[in-house]
Amino acid sequence: MGFLNNTTVTVDAILTKKGRELLAQGTEAFNITKFALADDEVDYNLWDVTHPNGSDFYGKVIESMPLLEAIPDENHVMRYKLVTLPKTTTKMPVLTIQGPTSITFDNLSTAGLNQNSKVGASTNNVADSSYTFILHDQSVASMDVTQNAGSNASSQQFFLGADEAPNSHTEVAQEVRISALQVNVPSVTQLTIVGNDTGATASITITNNLVDLLG
């Protein structure tokens, strides 16, 4: 969804591939129950507190920017969703990964399929009580929980592409373990971590080169 221009309230709404599939099944399948807002196209570096005309013009450049038209590819939209934070918040939450910033399972390692890495997270400026861990492709590696999030923790929505979603694996936790699997060809996937209270995100790349272990 996107505004056609920034002078009217006309909205251009188009369906993603998944939306068209559901619409083809009938009105009962195509039932919108939730929506999210994002500001992917906004460059906040253009906020100018030195503008000579005063505070009313700090955001003039941002407000005059052309807005994006609707894009149906969920891999390229809604990457910066708007979140609701306490009124006392003065800084945006920043999610920091606790553990490796990338994981490689290499067939040169003597550990073989025993290779694994623990990954956790912490949030600066605003606290998160738990995190959603999304392994985009569980045929590349496995994921299990090493530190639970608590019985009241709920997951945070994250958009995956139509090709990734069916083979993804999601856990709500404080820490997870990523373990090696055998693969037919060298493979790469992502582990995305989302703060369940703030919506802050971070991702790491997982590379699996354990091809020669196949017998």
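The values are calculated or read from the model by the stated rules, or taken from the named source; none is laboratory data. Since this is a predicted model, take the numbers as computed values, not measurements. Note that each Cβ is placed from the backbone with ideal geometry, even for glycine, and that neighbours are counted across all protein chains shown.
Worth pointing out:
- Residue that is surrounded by the fewest Cβ atoms within 10 Å (Cβ to Cβ) [pool: residues in the range 72-98 that are basic (K, R) and in contact (Cβ under 8 Å) with a residue 40 or more places away in the chain]: R79
- Counting only strands (runs of 3 or more DSSP E) that sit completely within the range 141-215, those holding 3 or more residues that are under 19 Å from T96 (Cβ atoms) correspond to 169-180, 187-195, 201-208.
- Taken over the range 47-87, the criterion of being over 24 Å from the mean Cα position of the chain (by Cα) and among the β-branched types (V, I, T) is satisfied by V49, T50, V61, I62.
- Filter result (within 30 Å of S117 (Cβ to Cβ) and outside any loop (DSSP other than H, G, I, E, B)) within the range 49-99: K81, V94, L95, T96, I97, Q98
- Boolean, A121 is among the aliphatic types (A, V, I, L, M) and either exposed (fewer than 11 other Cβ atoms within 10 Å of the Cβ) or in a loop (DSSP other than H, G, I, E, B) (or both): no
- Exactly one residue out of E69, E63 is of a type in the set (D, E), modelled with pLDDT under 75 and loosely packed, with under 14 Cβ neighbours inside 10 Å, and it is E69.
- Test: A149 is without any contact (Cβ under 8 Å) to a residue 24 or more places away in the chain, farther than 21 Å from L210 by Cα and surrounded by 13 or more Cβ atoms within 10 Å (Cβ to Cβ): no
- Of the residues making up the range 107-163, those that are modelled with pLDDT of 80 or more and of a type in the set (A, V, I, L, M, F, W, C) are V119, A121, V126, A127, F133, I134, L135, V140, A141, M143, V145, A149.
- Answer residue from the range 1-47, given it is farther than 20 Å from F158 by Cβ and part of a strand (DSSP E or B) and is modelled with the highest pLDDT among those: D12
- Residue list for the range 185-195, restricted to those being surrounded by fewer than 20 Cβ atoms within 10 Å (Cβ to Cβ) and either of a type in the set (A, V, I, L, M) or at pLDDT below 90 (or both): V185, V188
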